[in-house]
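The values are calculated or read from the model by the stated rules, or taken from the named source; none is laboratory data. Quantities reported herein were computed from a predicted structural model and do not represent experimental measurements. Every residue, glycine as well, gets a Cβ built from its backbone with ideal geometry; the counts of neighbours run over all protein chains shown. Areas reflect the complete protein model, heavy atoms only, side chains present, ligands, DNA and RNA absent. Shrake-Rupley method; radii C 1.70, N 1.55, O 1.52, S 1.80 Å.
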There are 2 protein chains.
Amino acid sequence: MSQAILNVEGMSCGHCVSAVEKAVKNLGAVARVDLPGKKVAVEYDESAVSLDAIKEAIEDQGYDVV
Amino acid sequence: MSQAILNVEGMSCGHCVSAVEKAVKNLGAVARVDLPGKKVAVEYDESAVSLDAIKEAIEDQGYDVV
């Protein structure tokens with residue numbers, strides 16, 4: 001499993017945490033959101049999903065991966 | 001129809017707007033959220049639902065009606 005920590009702008013509440021975690025989960029990966037830290041720790045199988053695809057899924061929810 | 005404007009603390013994003021509007025709608029009333037103004041305008045039929053019930057539904061979503 002690969003791991004990465006993304007800086008994500010725009011998450012403001014528990015609904016946002018759920019939206020990000022669900023979007024990443026839908027790709028078969030795992031996200032753990034640090035809301036005050038504006039970070040998302042992701043764990044994923046590189047042979048199944050790319051980090052770019054994960055970033056895109058988060059951005060599709062309306063947040064900026066910076 | 002009766003109308004009221006509530007001051008609501010804790011709403012931070014579009015998800016929060018949806019949560020509040022849906023909770024009020026479930027009572028058969030209508031809510032319009034002013035996110036930056038921290039206000040919720042409600043329109044309801046007093047013979048069907050009380051303003052207290054509407055306030056409670058909003059608080060049940062995790063927000064403070066002040």
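Quick check on my filter: what residues within the range A:15-26 are facing chain B (nearest Cβ under 10 Å) and surrounded by fewer than 17 Cβ atoms within 10 Å (Cβ to Cβ)?
Answer for the range A:15-26, where residues must be facing chain B (nearest Cβ under 10 Å) and surrounded by fewer than 17 Cβ atoms within 10 Å (Cβ to Cβ): just A:SER18.
Checking the condition open to solvent by 50 Å² or more (accessible area, probe 1.4 Å) and hydroxyl-bearing (Ser, Thr, Tyr), which residue from A:SER50, A:SER2 passes?
Working: A:SER2 fails: open to solvent by 50 Å² or more (accessible area, probe 1.4 Å).
Of A:SER50, A:SER2, the one residue that is open to solvent by 50 Å² or more (accessible area, probe 1.4 Å) and hydroxyl-bearing (Ser, Thr, Tyr) is A:SER50.
Suppose we filter B:VAL40, B:VAL66, B:VAL49 for residues that are of a type in the set (Val, Ile, Thr), over 26 Å from A:VAL20 (Cβ atoms), more than 14 Å from chain A (Cβ to nearest Cβ) and touching a residue at least 24 places away in the same chain (Cβ under 8 Å); which single one remains? Spell out how you get there, then give the answer.
Numbers: B:VAL40 fails: over 26 Å from A:VAL20 (Cβ atoms); B:VAL49 fails: touching a residue at least 24 places away in the same chain (Cβ under 8 Å).
That would be B:VAL66, the only listed residue that is of a type in the set (Val, Ile, Thr), over 26 Å from A:VAL20 (Cβ atoms), more than 14 Å from chain A (Cβ to nearest Cβ) and touching a residue at least 24 places away in the same chain (Cβ under 8 Å).
Quick one: A:SER12 ticks every box in (1) of a type in the set (S, T, N, Q); (2) over 27 Å from B:LEU35 (Cα atoms); (3) open to solvent by less than 80 Å² (accessible area, probe 1.4 Å); (4) without any contact (Cβ under 8 Å) to a residue 24 or more places away in the chain bar one, so which box is it?
(2)
Restricting to the range B:30-52, give me the number of residues that are farther than 18 Å from B:VAL66 by Cα and within 9 Å of the chain's Cα centre (by Cα).
Adding up the residues that qualify gives 1.
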